[in-house]
Amino acid sequence: MTALLRQSATHLLTVLGLCFCLLPLSGVADDAIAGKAPGFEVLFSETEVVDEVVRLDAGFDLTLSPELIEAINKGVPITINIEMEVWRKRAYWLDDEVARVVQAYTITYNDLTRGYMLDNLNSGAHFQLPSLEAVLWVVSALSDFPFIDSTLLDARASYYYRIRLGVDVESLPVPLRVMAFISSRWHLTSDWYKWPLPH
């Protein structure tokens, strides 16, 4: 029991020490943020029905804050969620949410290889990349993504879909999570962007 308590205390001190190290940030020079304000944006999206599956393409712009880059480089995993929803229009009532899909990626830094690991949490795919800029380039595009089965959509109804992306604050260590909720430099989220959904 004593050993377990000692281990838990050591883990807590490690996390708190990491948070303390992240507070006095100096300027972080990185191509991902050079000359741009931190933020996420959905640039475009389009869909196509192939073999009764609505497939989606989308492009994003991601500029991380110095705080997030510093956290990644100190070993904190950062998860980015791309949220996609399908809604059915209703004339005399609130629109109805039909489906919701989240594509999640986790970014980690490998100190041994001096490279970055990108994990696709949906497919289980792993990518070892040489720079954070390369990681963001991969995350910035969805191509031929299987969005929704078109047979689930009523041919007589009108639908639209919307997309946003943001940092998954809930996946952060607890001390950093508190910081993220009170600082927009950590809690980066795009606006929702909406398009009609042909089916």
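Readers should treat all values here as calculations from the given coordinates under stated rules, not as data from a laboratory. Just so it is clear, the model here is predicted, and its values are computed rather than measured. Using ideal geometry, Cβ is built from the backbone for each residue, glycine included, and neighbour counts are taken over all protein chains shown.
Some observations on this one:
- Modelled spin-label separation between Phe127 and Ala141, with each label point placed 7 Å from Cα along the Cα-to-Cβ direction: 0.9 nm.
- Residue-span extension gain [Ala91 to Thr113] - 0.36 nm each, minus C-alpha spacing: 2.3 nm
- Near Glu41, once Lys and Arg are set to +1 and Asp and Glu to -1 for all other residues with Cβ below 15 Å from its Cβ, the sum equals +1.
- Charged side chains reduced to their Cβ positions (Lys and Arg at +1, Asp and Glu at -1) give the range 37-196 a dipole of some 360 debye around its Cα centre.
- An ellipsoid equivalent to the range 37-196, defined through the eigenvalues of its Cα gyration tensor, has semi-axes of 32, 18, 12 Å when rounded to whole angstrom and sorted largest first.
- Treating r as the C-beta distance of Glu41 and Leu152 and R0 as 35 Å, the FRET efficiency rounds to 0.75.
- Exposure proxy order (Cβ contacts within 10 Å, fewest to most) of Ile182, Ile163: Ile182, Ile163
- Ranked list, fewest to most other Cβ atoms within 10 Å of each Cβ, for Trp192, Trp87, Trp186: Trp192, Trp87, Trp186
- Using the Cβ of Ile148 as centre and a radius below 11 Å, the other residues enclosed give a net charge of -1, where K and R count +1 and D and E count -1.
- Environment charge of Gln103, counting only residues whose C-beta is closer than 15 Å and scoring Lys/Arg +1, Asp/Glu -1: -2
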